[in-house]
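Quick note: the coordinates plus some simple rules give every number you see, no bench work behind them. Since the model is a prediction, treat every value here as computed from it, not as a measurement. Note: ideal-geometry Cβ built from the backbone for every residue, glycine included; neighbour counts use all protein chains shown.
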Amino acid sequence: MNKRKQIGLVFTALLLFCGIFLFVHNKKKQVHDLPSILNSNRLSVLIDSSCVGFSKNGDKVVGFQYEIVKAFADTLGLELVVSQQNDFRNCITGIKNGDYDIVASFIPNTTEIQKELLLTHPFFISKQVLVQRLIKDKDQMPAIAPINKHLLLAKDTIFIPSHSPFKSRLDHLSNEIADTIFLIELKNKSQEQMVQMVANGTLKYTICDEKLARILCLKYPNIDISLPIGFSHTLCWGVSLQSVQLLEELNAFLKGFIGSSDYWEIYRKYY
């Protein structure tokens, strides 16, 4: 009889443990829409590490997208909690798990990404460009001309950040030239970091958003960004597919903020 009681107690304890585990797991995976975000008094966002994303300049936190999402948080009276993330797949996972509320990094508006995230009112129309290093010979003659045709990328290698949302564009380009373009994904690297690696000769090619690339050309005058990769696209932020109210609030803010004097003051600081 005592043995049966012991087995019963163990079984009951296991059921209780499983119940608590499922409760905590489901609670963690619950996506926060606007009402629960307001109740928590915190807005958790993911931003890439770059001069137009999120970075630190001495004691100051700077970044075009950081300043805009900070203005949004301020209008709602929320504490802004920022996490740097350069891996787009990790961004999607974090949003789906309810660990974060907004991906405040520029995302191309594509049908593939629309299956994963709700995308905001667009910020820009832009395109990706190939970043290559201008090489001079030993006699300091003019730089060797950069490649200017997509066909010349056949059997060559382009380095991109891990799970870049622009990877599909390069896959399409490979099909368009009817030849292989090898892609190597580097973990924990932002577009800006990879452009720097091209400039110092560590990498041969990468791709970068044209607007950011133009800024980086001033910092690294030995790079060329003249060859576009594909068509222009709109760049947006993203929220969970379930965060409909948050998207509405964020879109209302962006439509009023983009084009305002406050917006242009931030824009001129970075672009």
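Overview of values
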{"quantity": "Ranked packing of 238-249, 220-231, most packed first, by mean Cβ within 10 Å", "calculated": "238-249, 220-231"}
{"quantity": "Built amide H within the under 5 Å cut-off of Ile207, gap 5+", "calculated": "Val131"}
{"quantity": "Cα-projected label distance for Arg214 with Lys115, points at 7 Å along beta-carbon direction, nm", "calculated": "3.4 nm"}
{"quantity": "Peptides 76-82, 117-123 ordered by average Cβ neighbours within 10 Å, highest first", "calculated": "117-123, 76-82"}
{"quantity": "Only Lys, Arg (+1) and Asp, Glu (-1) charged, at Cβ; region 127-232 dipole about Cα centre in debye", "calculated": "220 debye"}
